[in-house]
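Please read the structure below before turning to the comments.
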Amino acid sequence: MIKRALLVVDVQNDFLPGGALAVPGGDTIIPVVNQLLELPFDVRVGSRDYHPRHHCSFASIWGKNVGECIIVDGGEQILWPDHCVQGTKGSEFALELHYSRFHKVVYKGVDIAIDSYSAFFDNQKRRSTGLGDYLSQHAIDELYVAGLATDYCVLYSVQDARALGFKTTVIIDGCRGIDLRAGDVDRAIDVMRDLGVHIKTAEEVTLKLFPSNLLAS
Ligand code: VGL
Ligand code: ZN
């Protein structure tokens, strides 16, 4: 039997319209993701971006502008507004998200000195979140990914998933991107396709994997 996992990346208040690092249309994926969360994937995992108050990815701590790129500890770092600070409302899962359906939640960006876009590893590949081990323990073959943002945390998570050998599908109507530079989302999708990632809609995935669920809804 092929075992399949659903990974929902960073559907948190700060990434929704009105949040500190709002992803345009970020809220529109919630009904799609909630439908996916009803499906009988072998495991359903959520990730949370979860930064300490003075995290190195925040423009505010460097006295620089949001969107600037600097070198931190030898690596490039795009500077963001303060977002997903540990213990704040902005860091919580979106209220309407059916997060009680997650079997596991992984936290990323928790180290003050290094950012982590991927739900698997930080940007310098120094520390793992435990997601890879968790999926291996459950003998997962295939990973289905939705969430925010297509051109950052979804892209980086999917790159690591491929590197770890998971057959990977991005559920495109369950994702929205930032497009800091116009075309970033389209480029991210091209990069993922080149890695052999399948790009599918929620309906296509549901029909293929769980046809009886589609008829029932
Ligand atoms: C993200 C920028 C900074 C994301 C997180 O979830 O895509 N983007 N931190
Ligand atoms: Zn972040």
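I'd like the full set of residues that are basic (Lys, Arg) and within 16 Å of ligand 2 (Cβ to nearest atom), limited to region 137-181.
Result: Arg176, single match.
Here Asp111 passes the criteria (1) farther than 12 Å from Ser47 by Cβ; (2) touching a His at 6+ places or on another chain (Cβ under 6 Å); (3) within 16 Å of ligand 2 (Cβ to nearest atom) except the one numbered (2).
For residues that are under 17 Å from Thr168 (Cα atoms) and open to solvent by 10 Å² or more (accessible area, probe 1.4 Å), scanning just region 42-55, find the one that is farthest from the chain's Cα centre (by Cα). Top of the filtered list is Asp42. Within the option set Asp10, Asp27, being touching a Leu at 6+ places or on another chain (Cβ under 6 Å), within 16 Å of ligand 1 (Cβ to nearest atom) and closer than 23 Å to Lys125 by Cβ holds for one residue only, Asp10.
Quick one: how many residues across region 173-217 are surrounded by 13 or more Cβ atoms within 10 Å (Cβ to Cβ), charged (D, E, K, R) and farther than 30 Å from Asn65 by Cα? Number satisfying all stated conditions: 4. In region 138-172, the residue that is nearest to Asp122 (Cα to Cα) out of those that are open to solvent by 60 Å² or more (accessible area, probe 1.4 Å) and in contact (Cβ under 8 Å) with a residue 12 or more places away in the chain is Tyr156. Scanning region 100-116 for residues that are under 17 Å from Tyr134 (Cβ atoms) and of a type outside the set (Gly, Ala, Ser) turns up Arg101, Phe102, His103, Lys104, Val105, Val106, Tyr107, Lys108, Val110.
Taking region 75-127, which residues are acidic (Asp, Glu), closer than 23 Å to Ala146 by Cα and either crowded, with 17+ Cβ neighbours inside 10 Å or more than 15 Å from ligand 1 (Cβ to nearest atom) (or both)? Walk me through how you get there before you give the answer.
Going residue by residue through region 75-127, those that are acidic (Asp, Glu) are 76, 82, 92, 96, 111, 115, 122.
With closer than 23 Å to Ala146 by Cα added as a condition, the list becomes 92, 96, 115, 122.
Matches in region 75-127: Glu96, Asp115, Asp122.
Give the residue that is farthest from Asp141 (Cα to Cα), with candidates limited to residues of region 11-67 that are small (Gly, Ala, Ser) and more than 16 Å from ligand 2 (Cβ to nearest atom).
Per the stated criteria, the residue is Gly63.
A count restricted to region 17-33 and to residues that are open to solvent by 20 Å² or more (accessible area, probe 1.4 Å) and either in contact with a Phe, Trp or Tyr (Cβ under 7 Å, 6 or more places away or on another chain) or not acidic (Asp, Glu) (or both) stands at 10.
The values are calculated or read from the model by the stated rules, or taken from the named source; none is laboratory data. Keep in mind it's a predicted model, so treat the numbers as computed, not measured. A quick note on method: Cβ atoms are made from the backbone with ideal geometry, for glycine too, and the neighbour counts reach across all protein chains shown. Keep in mind that these areas ignore ligands, DNA and RNA; they rest on the heavy atoms of the full protein, side chains included. Shrake-Rupley method; radii C 1.70, N 1.55, O 1.52, S 1.80 Å.
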